[in-house]
Structures are given as structure tokens and as C-alpha cells.
Amino acid sequence: MSHLSLKYGSTVMSADLVARTLTASTLPELPEPVEEVHRALSNPIGAAPLYKIVAPGERVVIVTSDITRYTGSDVYLPILVEQLNQCGIPDEEIAVIIALGIHRKQTQTEHRKILGPLYGRITVCDHECDDPEQLVTLGKTSSGLPVQINRRVVEADRVIVTGTIGLHYFAGFGGGRKSLVPGVASRETCMATHFAIFNPPEQGGRNPKACTANLDDNPVHRAILEAAQMVKPDFILNTVLTADKQIARVFCGELELAHLAGCDLAKELYTSELDQPVDLAIVSCGGHPKDINFIQAHKALDYGVHAVKPGGTVILLAACPDGFGNPTFFDWFNYEDLDVFEKALRSRYEINGQTAWSTLSKARAWRVILISELTREQTEKMGMEKAATLDEALQMAYNQLPENPETVIIPDGGTILPIVEKP
């Protein structure tokens, strides 16, 4: 028996029980961040070093992530710019483009956090996915995905892509190609990349290869990689971070090869193997801001169910003080039949609708007990059961579980992916 404390919003919920805890792995020793960036830049994977790529007189665009994804940009961007300066590229010929995708614009304070000491020295621009004047059409991928990209990026002489590599629930991994598509793509392109999660209409359902920590035959990964390659980026710099956001390693070089190397480490750090699925998983999103709304919390649910037998139980701690996170999200649950839901989503696709469909699909395959500030009516409409406390949720779970159920605890559910090793 051990004492369990799990983050819930800005508070903690506790219980005593016997269970295995799944957490992210760590490296034996972390590098000094600045030295690690220099090391990676000097040893690019599948590409020449920067000084052999850029030349004086060229305009360089550096693409980096917005404030919702900490990447270590305040560490690596100044080093990148320093090296570009040494290659004969002055500050005024360098611009940083924030890869917003369809996210909101950034504030000056957020720009300052992203650029670190470069703020006020280097031009910084937010990507605008809905302004046709700021977009260039590059054509379509082999799967028919339309590719419309930020004009500044397309018209630059050199494009350097930066970001961080973590797990992604249908593209397999973040980072790499995703900083370009959907990062600096049009809304139409962004929507089309997400839609690739589905099988063809005649087959129906979600493609099983479009899943977390998988790139092999993943249709979403394949589509966005092909689209990103149409931009012809010259170089990437991607970090892999620890669970507490320290730089574990940096990977530089060619778009696909350097990204793949980083994915190998991300999988090593952020997956946890189980011999067999369990009866019960107790999953915390990791507290505020990871559970600020349900759309954010969904990631922890999506990962956590991988540990549980079909029909087993998941207890999800997700405070959701800001509700659902989007005004149209809850409306999608008016579709109670999953087949009808899928048809509606295919006819008028929304990213939030896909998250709603994914939520309801899991609530039908597993018993989900949600501890949150959402009402009982809202919780049940999403196919889940409401509990006010962890103790209440455990009692509800035990009423329908075998005696001494196999149990796992996942304290940071949006970070760790359980993997059941198949024979």
C-alpha cells in the first residue's frame, strides 16, 4: 500500500492503494544546454553544417513554435543567429516566423519569452493562416492534400525549421515537418492534415496507423512530411526535452533524418511498457495548465486508455476550470451514434469535432470516470461518469471491477504513453 498524490488543477487529490506508477524515463546525465546546441549544430544528420548552406546576401527565415509549446527557443535561437551572423548574414536579413497553425496571435510578452535575448533585435512575425495575401500555393501532395504556405517562408532564400519533438496522438510525433505543416500553412491545409486520420469513406473509422508514437504507414505523418518537403527547408534544429522541460538532446540536419533520430529518443523517454493491459488506470493530466479545459485534457485520456483492457476503467483527473476549451466542442455530442457522428464530421470537418468524436469513441470502448468541474449532465453527455473526488471515483470503479484489480497510476497523463508489449 502506498500513498498517492495526483495533481488536479492547482490542487492535489490523494488516496492509498496498491498500484504501479508509470512515469517518463530520464537520461543518466543531462548536457549543458548551450554546449548541446553547439554540438548538434556541428554534427548535423544528413545535411551539411550551416556555414556550407547559407551565404552572404541571402535572406533567412527561422520557423519556431508558439508559446503553447516550450521548445528551448530562448536557448537555441540566439546561438542560431550568432552562427548566421558568422556566415555573413546580418540581423536585418533574418526573420523569425512563429508557427501558429490556426492558433491565436502571440502577445509581445509571449514573443519576448520565445525569442529570449533576441527580442527587439530580430524581426518576429506571427503566421496568419487566413490571410490569402500572406500565403503561397505550392500545389497538392500525392494524396490530394492542398499545400498553401506562409509567403515569407516560401520567398526566403534559406529556411531553418526549429521546434521540439514529443508524442502526438495521431501524427505519431510532433516536431520536424509539423513546424511547417500545419505550423505555417493555411487553415485549409491545416484542416486537411487532420482529416487524414480517417480511413476512406467506404471503409469508415479511424486509420489505426494514425496513432501516438508511430510513424510507420501513418497517413497523417506521410501527408504532412510530403507537404513540408515541398517547402524545401534547408535545415532543422529540434530539441527533445525532459518531463520538466530541460533539454535532453538536440538534433540538427535534414528535415526527415534528423527528426527521425529525435523521435527515437522521445519514444525512449516518453513511453512505458506493460506486459499486459490492466483493469484500472488512474490518470492525472498533470494539473494546471494541462487540465485547464477538456480539449487540453483529452490528450491524457487518449494516452491513458492504452494501458487498459477493453471494457476496463479509466479514472481521469481533469479540473477543466475553463470548461471545454472551444464554444462548438460540446455541440458535437448531440450525435450519440458514432457512425452518424463520423458522417457528420466528414461532411463539415472541425478539429474540435474530431476531438469530440475521439472522446466519445473512447467512452464507448472503456468505462471513463471523470473528476472535473464540468456538470454531471455535461459529463454524461460525453459518455462518461462524474465523480466529485478521487475516493468517490475509486468506489465507483471497484463496484464493477474484479477483486484486487490490476491498477496503474499515471501522474502526468499528457506526457507518458503506456505500451502493452504484444507477443
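What follows draws every value from the coordinates through simple rules; no lab data is involved. The shown structure was predicted, so the numbers you read here are calculated from the model rather than taken from an experiment. For neighbour counting, all protein chains shown are included, and Cβ atoms are generated from backbone atoms with ideal geometry for every residue, glycine included.
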Next on the checklist: Need the full-extension length gain, Asp131 to Asp275, defined as separation in residues times 0.36 nm minus the C-alpha distance. One decimal, nm.
Outcome noted: 46.8 nm
Next on the checklist: Please compute the length gained on full extension between Asp91 and Asn199, using 0.36 nm multiplied by the number of residues separating them and subtracting their Cα-Cα distance.
Outcome noted: 34.2 nm
Checklist entry - Against the longest alpha carbon principal axis of the chain, how many degrees, from 0 to 90 and to the nearest 10, is the axis of helix 294-304 turned? => result 70
Checklist entry - With θ set to phi - 60° and the Karplus curve 6.51 cos²θ - 1.76 cosθ + 1.60, what are the ³J(HN,Hα) couplings of the stretch 94-99 in order, to the nearest whole Hz, using x for Gly and Pro? => result 10, 9, 9, 10, 7, 7
Checklist outcome for this item: Quick note, the stretch 117-174: a/c under 1.5 would make it rounded; otherwise a/b > b/c is prolate and the rest oblate (a ≥ b ≥ c, C-alpha gyration tensor); here it is oblate
Item to check | Contact order relative to length of the chain, as percent, for alpha carbon pairs under 8 angstrom and 6 or more apart | outcome: 19
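Between Ala344 and Asp217, what length in nm is gained on full extension when 0.36 nm per residue of separation is reduced by their alpha carbon distance?
Taking 0.36 nm per residue and subtracting the Cα distance, the gain is 43.1 nm.
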Checklist outcome for this item: Phi-derived 3J(HN,Hα) across the stretch 193-204 with the Karplus relation (6.51, -1.76, 1.60, θ = phi - 60°), rounded Hz, x for Gly and Pro, is 5, 5, 5, 5, 5, 8, 5, x, x, 5, 8, x
Checklist outcome for this item: the stretch 259-283 and the stretch 387-402 have their Cα centres apart by a whole-number Å value of 26
Next on the checklist: Take Val420 and Asp337, extend 7 Å from each Cα along the Cα→Cβ direction, and tell me the distance between the two endpoints in nm.
Outcome noted: 3.0
Next on the checklist: If I compute mean projected area of the Cα convex hull in nm² from the structure I just sent, which labelled value in (i) 25.9; (ii) 20.9; (iii) 27.6 lines up?
Outcome noted: (ii)
Checklist entry - Are there trypsin sites (Lys or Arg not before Pro) in the stretch 310-416 that DSSP marks as loop and that have at most 15 other Cβ atoms within 10 Å, and which are they? => result Arg348
Checklist entry - If Lys and Arg each add +1 and Asp and Glu each add -1, what is the summed charge of the other residues whose beta carbon sits under 13 Å from the beta carbon of Ser73? => result +1
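Hey, with R₀ at 22 Å, roughly what FRET efficiency would Asp322 and Thr107 work out to, going by the Cβ-Cβ distance, to 0.05?
0.75
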Checklist outcome for this item: Assertion target for Tyr8, Tyr119, Tyr51, ordered by fewest C-beta neighbours within 10 angstrom first, is Tyr51, Tyr119, Tyr8
Next on the checklist: What is the sum of charges, Lys and Arg at +1 and Asp and Glu at -1, for the other residues whose Cβ falls under 9 Å from the Cβ of Lys290?
Outcome noted: 0
Checklist entry - For Thr123 and His38, FRET efficiency with R0 = 22 Å and r from the beta-carbon atoms, rounded to 0.05? => result 0.35
Item to check | DSSP loop GluC sites (Glu not before Pro) with at most 12 other Cβ within 10 Å: longest gap in the chain | outcome: 30-201
Item to check | Whichever aspartates and glutamates have a C-alpha closer than 14 Å to that of Lys209, once near sequence neighbours (fewer than 8 apart) are set aside | outcome: Asp217
Item to check | Cβ charges +1 (Lys, Arg) and -1 (Asp, Glu), total dipole of the stretch 33-269, debye | outcome: 320
Checklist entry - In whole angstrom, how far apart do the alpha carbon centroids of the stretch 159-206 and the stretch 55-117 sit? => result 22
Next on the checklist: Which residue, Val240, Tyr119, Val61, has the largest displacement toward the positive end of the dipole of the chain when charges sit on each Cβ (Lys, Arg +1; Asp, Glu -1)?
Outcome noted: Val61
Checklist entry - In degrees from 0 to 90, rounded to the nearest 10, what is the angle of the helix 338-347 Cα long axis to the longest principal axis of the chain? => result 20
Next on the checklist: If amide hydrogens are placed 1.01 Å from N in the peptide plane, which non-local residues have theirs closer than 5 Å to the one on Asp126?
Outcome noted: Ile98
Checklist entry - Angle, helix 351-365 long axis vs. longest principal axis of the chain, Cα atoms, 0 to 90°, nearest 10? => result 30
Item to check | Tensor-based shape of the stretch 144-272 (alpha-carbon gyration tensor, a/c under 1.5 rounded, otherwise prolate or oblate) | outcome: oblate
Item to check | For the chain, calculated [θ]222 nm from helices alone, where every DSSP H run of n ≥ 4 adds -39500 (n - 2.57) | outcome: -9000 deg cm²/dmol
Checklist entry - Among Ile53, Ile197, Ile62, what is the fewest-to-most ranking by other Cβ atoms within 10 Å? => result Ile53, Ile197, Ile62
Next on the checklist: Shape verdict for the stretch 23-136, please, from the Cα gyration tensor: rounded (a/c under 1.5), prolate (a/b greater than b/c) or oblate.
Outcome noted: oblate
Item to check | Candidates per trypsin sites (Lys or Arg not before Pro) in the stretch 30-113, loop by DSSP, up to 13 other Cβ within 10 Å | outcome: Arg104, Lys105
